[in-house]
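Colleague: This is the structure I want to talk about, given as structure tokens.
The values are calculated or read from the model by the stated rules, or taken from the named source; none is laboratory data. A quick note: this is a predicted structure, and the numbers were derived from the prediction, not measured. Note that each Cβ is placed from the backbone with ideal geometry, even for glycine, and that neighbours are counted across all protein chains shown. Side chains are part of the model used for accessible areas, which takes the heavy atoms of the whole protein and leaves out ligands, DNA and RNA. Shrake-Rupley method; radii C 1.70, N 1.55, O 1.52, S 1.80 Å.
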Amino acid sequence: MLKIEKPTIKRALRSTSGPPAPSWAHRPASVSLLLFGEETTHILAILKADNQGYVWRNQIALPGGRIEEDDPDALSTAVRELKEELNISAENVEYIGSMGHFVTLQDTVIEVFVGIWNQRDTIYFDSREISKVLEIPLESIVSTHLDKQLNGRLPAMEELLYPFEGMVVWGVTAKILHHFIERLYPELNISTARNVVDG
């Protein structure tokens with residue numbers, strides 16, 4: 001089982017700066033990359049609802065949304081959206097920092113905030129917006145990352161795919177996970193990680 005400790009995450013986020021917000025993109029948003037788990041680290045994700053005409057229809061995403069005019073800053077947006085979407089309260093998440101900005105195919109700029117969730121909330125959500133909540137083991141993402149030799153480069157979108165339980169993480173969410181693993185890479189004992197994910 002692959003367990004990522006808080007000091008490792010902090011070192012990884014301090015190691016390099018994340019991608020800056022491009023000047024040409026618009027529609028700013030922010031999301032939470034939440035990590036949790038006592039024995040093994042998981043990522044909390046959501047499967048968007050199957051709504052006709054919705055751009056994120058049936059896609060795996062991280063909880064978050066557009067920045068509103070009365071949000072003080074991007075982190076406040078991530079905190080607000082987490083409560084609205086999943087009923088996770090700010091006091092139960094320790095945010096480590098920003099991982100930078102990522103652009104969707106629709107030119108929305110997403111700032112990603114990494115946090116550690118203590119799992120003291122009872123999750124509930126609106127099924128009209130979210131089909132299900134996903135607990136993705138980090139080790140499965142790392143395994144794909146290593147097996148497909150995605151480290152050290154940014155693959156094209158059609159190659160940057162992380163399968164999970166019959167679904168596929170792709171697009172900007174896959175790009176975010178790729179960047180997160182790349183930031184963690186110098187902090188991980190990769191031979192140990194490979195032994196863990198290979199079982």
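Colleague: Looking only at the range 60-89, how many residues end up being touching a helix residue (DSSP H, G or I) at 6+ places or on another chain (Cβ under 7 Å) and open to solvent by less than 50 Å² (accessible area, probe 1.4 Å)?
Modeller: Residues that pass the stated criteria total 10.
Colleague: For residues that are of a type in the set (D, E, K, R) and closer than 21 Å to Ile136 by Cβ, tally how many sit in the range 1-28.
Modeller: The total comes to 3.
Colleague: Still on this structure, please answer the following. Given (1) farther than 17 Å from His178 by Cα; (2) out of contact with any Phe, Trp or Tyr (no Cβ under 9 Å at 6 or more places or on another chain); (3) among the hydrophobic types (A, V, I, L, M, F, W, C), where does Leu86 come up short, assuming only one miss?
Modeller: Here Leu86 meets the rest and fails (2).
Colleague: Search the range 85-99 for residues that are under 21 Å from Lys132 (Cα atoms) and pair each with any residue that is open to solvent by 20 Å² or more (accessible area, probe 1.4 Å) and among the hydroxyl-bearing types (Ser, Thr, Tyr) when their beta-carbon atoms are under 8 Å apart and the residues are at least 6 apart or on different chains.
Modeller: So the pair list comes out as Leu86/Tyr124; Asn87/Thr122; Asn87/Tyr124.
Colleague: Moving on. Out of the residues in the range 176-193 that are in a helix (DSSP H, G or I) and free of Cβ contacts under 8 Å to residues at least 40 places away in the same chain, state the one that is least open to solvent (accessible area, probe 1.4 Å).
Modeller: His178
Colleague: Okay, next question. Among the candidates Pro7, Pro20, which residue alone is part of a loop (DSSP other than H, G, I, E, B) and either over 30 Å from Pro186 (Cβ atoms) or at pLDDT below 95 (or both)?
Modeller: After applying the criteria, what remains is Pro20.
Colleague: Just to be sure, is Ile110 touching a helix residue (DSSP H, G or I) at 6+ places or on another chain (Cβ under 9 Å), within 15 Å of Pro63 (Cα to Cα), in a loop (DSSP other than H, G, I, E, B) and among the aliphatic types (A, V, I, L, M)?
Modeller: no
Colleague: Would you point out the residue of the range 23-58, among those that are of a type in the set (Gly, Ala, Ser) and open to solvent by 60 Å² or more (accessible area, probe 1.4 Å), that is modelled with the lowest pLDDT?
Modeller: By that ranking, first place goes to Gly53.
Colleague: Are there any pairs, at least 6 apart or on different chains, whose C-beta atoms fall under 6 Å, with the first in the range 102-124 and farther than 30 Å from Trp24 by Cα and the second open to solvent by less than 10 Å² (accessible area, probe 1.4 Å) and of a type in the set (Val, Ile, Thr), and if so, which?
Modeller: Partner pairs satisfying both residue conditions: Asp121/Ile88.
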